[in-house]
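*Asks:* Just dropping this structure here.
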2 protein chains.
Amino acid sequence: MEARARSTPLGPGGEFDRIREVLRGARSHSSQVLVPVGDDATVLAPDLVLSTDLALEGVHFRLDWIEPDEAGARAVGAAVSDLAAMGAELVGVLASVAAPAGEVWAPRAAAFMAGIRDRVEGLGGLLLGGDLTRSPSGLLVDVVAVGRAERPLLRSGAGPGDELWVTGHLGGAAAAVRLWQEGAPVPCSLRGRYAHPEPRLAQARWLVAHAGARAGLDLSDGLAGDAGHMAAASGLQVILEADTLPREPHPEVTLEEALHGGDDFELLVALSPGAESDGRAAAFRERFNLPLTRVGILRAGRGVALVAPGGGEPVALTRGGWDHFSRIQEDMF
Amino acid sequence: MEARARSTPLGPGGEFDRIREVLRGARSHSSQVLVPVGDDATVLAPDLVLSTDLALEGVHFRLDWIEPDEAGARAVGAAVSDLAAMGAELVGVLASVAAPAGEVWAPRAAAFMAGIRDRVEGLGGLLLGGDLTRSPSGLLVDVVAVGRAERPLLRSGAGPGDELWVTGHLGGAAAAVRLWQEGAPVPCSLRGRYAHPEPRLAQARWLVAHAGARAGLDLSDGLAGDAGHMAAASGLQVILEADTLPREPHPEVTLEEALHGGDDFELLVALSPGAESDGRAAAFRERFNLPLTRVGILRAGRGVALVAPGGGEPVALTRGGWDHFSRIQEDMF
């Protein structure tokens, strides 16, 4: 996850605006940097894509929700999803791990590391390096995802009239988190959406190569928030239609979770109009056996607006997505 | 710091051997990976050098020792030192930062981030990206150092008869940590060695280009431990001579600290014999106004042995350097 991606574009940024302000003061342009801070990943000449993504116990995962090996695998999936968001191929990852000292933690840490290694290799990548140190508080890993993209898919390439499409289903991961927090049983399908995110690497490359995707990102902050990132980067307004959202097909999942829930790690892409009628969407679905759903459009303006269920005029959305310093995270302590 | 660099090559690895074992099972070779896990950094074709290095409050630094901006700058210096160890030029860093929520922490976190940014820019690099999230316990950053090296300086290139040379002085950072732990006043010069490590980027490139450096690394784990890394990677034995060690010129610094103290971030390089008599060492000192000291030799065999003060036969060293799961770190809690 790139630095600005965790901010709250649609609402007040809170106390951490001060920190983000520091980043804005940084120089980030040179002939070697093709895509600087501000997209899902950084691109260095000629085609190297780099992203870094922290996963901390108690903030991003809890060991009473998932097993240590799942937590490691999930961190890799989430980090590699940023490469998918750039239309990149995976080369591998570097993993900086910290674990508490003591015999209780050693097997957990070993499982965490094995989960990281196995997930990287399962995705066809290599464990390229890392760091291993002691943690004062729980497991943590920073996963550096390394990939290559000759034609990076940016957030900024959308044009007015483009249609917005989403892969897969939304809201499952957020529903799982809510049920855990409520102490309720978590259905396996929702647990899986949280525990085993699937970076859409091949799907993104296909959408660039065969569907003319002009802008894209991965839904880590929630559809509303991430659509706001694309709107801001492309200098346009996003109109989302509530009735069209591909809500995770489970009765527990709310529209709210489909709209604002983070960490589904599906793709949001802007395609030129007509992908349904000209067969691009059908070709995608056949190729990947995965839904591809039109959820809105881009037009002149700014911000994100929602057409409520049943229709009507679009209403501006003011709430952000999965902000790591706000609501959902606060609930985790 | 690359994963295996934090292990203890000369002594028992402790409970975290299990974790390291997981890494050894990882695939790490492909046509794109020129230098895999096991050196100071990873090298990807054609010339990209990547390293990742965690710095955690309470483990790698304490805010009653140094200021938050110094802690951020130190983390960058330590991470970039791994690029120096590869003879690389710095492109920039990605910084994944976590900070506790709350108004008390916001200014500390902003200073930490500013220290990171300013240090990167002071070293001529760019802040390329990062992540920002909430921490359950203190400040932490994972710094991903990105560089380029056409001729990477590995740990494995030394030959029998090569001489070992060290830049600068050793033991200052370890002495500062000891004095803090004892509650004693810390002299400014020693505090500076801990707080403001200087990655020897230009020095390493010069040693490769003008002094024929055949192997090298940065002294983050302590001379004895890091010499052991080079010995193991090069398939040789290292003989260190206690009387020659360039101990930090302060009466508080012990021989023990010069030999085993970590985090001085000076260079250890293997040069073909005769660098003193043929003028290579003198040229380095004149160019950089920095000591370059012959501390030992490499010969057939394995491990590290020390000629004690006053001379005599070399005696095998069995204790490791700065192991993040052992002695010095344990003392920090």
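*Asks:* Where residues in the range B:125-161 are in contact with a Pro (Cβ under 7 Å, 6 or more places away or on another chain) and hydroxyl-bearing (Ser, Thr, Tyr), which of them is farthest from the other protein chains (Cβ to nearest Cβ)?
*Replies:* B:SER135
Listed here are the residues, each with its yes/no results for (1) surrounded by fewer than 16 Cβ atoms within 10 Å (Cβ to Cβ); (2) more than 22 Å from the chain's Cα centre (by Cα); (3) more than 24 Å from A:SER156 (Cα to Cα); (4) at pLDDT below 95.
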{"site": "A:LEU236", "(1), (2), (3), (4)": "no, no, no, no"}
{"site": "A:PRO251", "(1), (2), (3), (4)": "yes, yes, yes, no"}
{"site": "A:PHE265", "(1), (2), (3), (4)": "no, no, no, no"}
{"site": "A:VAL269", "(1), (2), (3), (4)": "no, no, no, no"}
{"site": "A:LEU298", "(1), (2), (3), (4)": "no, no, no, no"}
{"site": "A:GLY311", "(1), (2), (3), (4)": "yes, yes, yes, yes"}
{"site": "A:PHE333", "(1), (2), (3), (4)": "yes, yes, yes, yes"}
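*Asks:* Can you tell me which of B:PRO160, B:PRO136, B:PRO100 is in contact with a Phe, Trp or Tyr (Cβ under 8 Å, 6 or more places away or on another chain) and farther than 21 Å from B:ARG200 by Cα? Even if it seems obvious, please write down each step before you answer.
*Replies:* Numbers: B:PRO160 fails: in contact with a Phe, Trp or Tyr (Cβ under 8 Å, 6 or more places away or on another chain); B:PRO100 fails: in contact with a Phe, Trp or Tyr (Cβ under 8 Å, 6 or more places away or on another chain).
Answer to the check: B:PRO136.
*Asks:* For A:LEU83, state whether it is surrounded by 22 or more Cβ atoms within 10 Å (Cβ to Cβ), at pLDDT 95 or above and not small (Gly, Ala, Ser).
*Replies:* yes
*Asks:* For the range A:257-303, give me each residue that is among the charged types (D, E, K, R), touching a residue at least 24 places away in the same chain (Cβ under 8 Å) and more than 18 Å from A:PRO187 (Cβ to Cβ).
*Replies:* Correct list: A:GLU266, A:ARG280, A:ARG287, A:ARG294, A:ARG299, A:ARG302.
*Asks:* Additional query: Taking the residues in the range B:142-177 that are crowded, with 23+ Cβ neighbours inside 10 Å and acidic (Asp, Glu) as candidates, determine which candidate is nearest to A:THR42 (Cα to Cα).
*Replies:* B:ASP142
*Asks:* While we're here: Does A:GLY92 satisfy the condition of being part of a strand (DSSP E or B), in contact (Cβ under 8 Å) with a residue 12 or more places away in the chain and within 30 Å of A:ARG155 (Cα to Cα)?
*Replies:* Details: part of a strand (DSSP E or B): yes; in contact (Cβ under 8 Å) with a residue 12 or more places away in the chain: yes; within 30 Å of A:ARG155 (Cα to Cα): yes.
For A:GLY92, the condition - part of a strand (DSSP E or B), in contact (Cβ under 8 Å) with a residue 12 or more places away in the chain and within 30 Å of A:ARG155 (Cα to Cα) - is met.
*Asks:* Follow-up question, since we're still on this one. B:LEU179: at negative phi and within 14 Å of chain A (Cβ to nearest Cβ), yes or no? Walk me through how you get there before you give the answer.
*Replies:* Values: at negative phi: yes; within 14 Å of chain A (Cβ to nearest Cβ): no.
For B:LEU179, the condition - at negative phi and within 14 Å of chain A (Cβ to nearest Cβ) - is not met.
*Asks:* For the range A:53-85, give me the residue count where each residue is within 23 Å of A:VAL208 (Cβ to Cβ) and either assigned to a loop (DSSP other than H, G, I, E, B) or within 7 Å of chain B (Cβ to nearest Cβ) (or both).
*Replies:* Residues in the range A:53-85 being within 23 Å of A:VAL208 (Cβ to Cβ) and either assigned to a loop (DSSP other than H, G, I, E, B) or within 7 Å of chain B (Cβ to nearest Cβ) (or both): 2 in total.
The values are calculated or read from the model by the stated rules, or taken from the named source; none is laboratory data. Worth saying up front: this structure is predicted, and the values here are computed from it rather than measured. Here the Cβ is made from the backbone with ideal geometry for all residues, glycine too, and neighbour counts use every protein chain on show.
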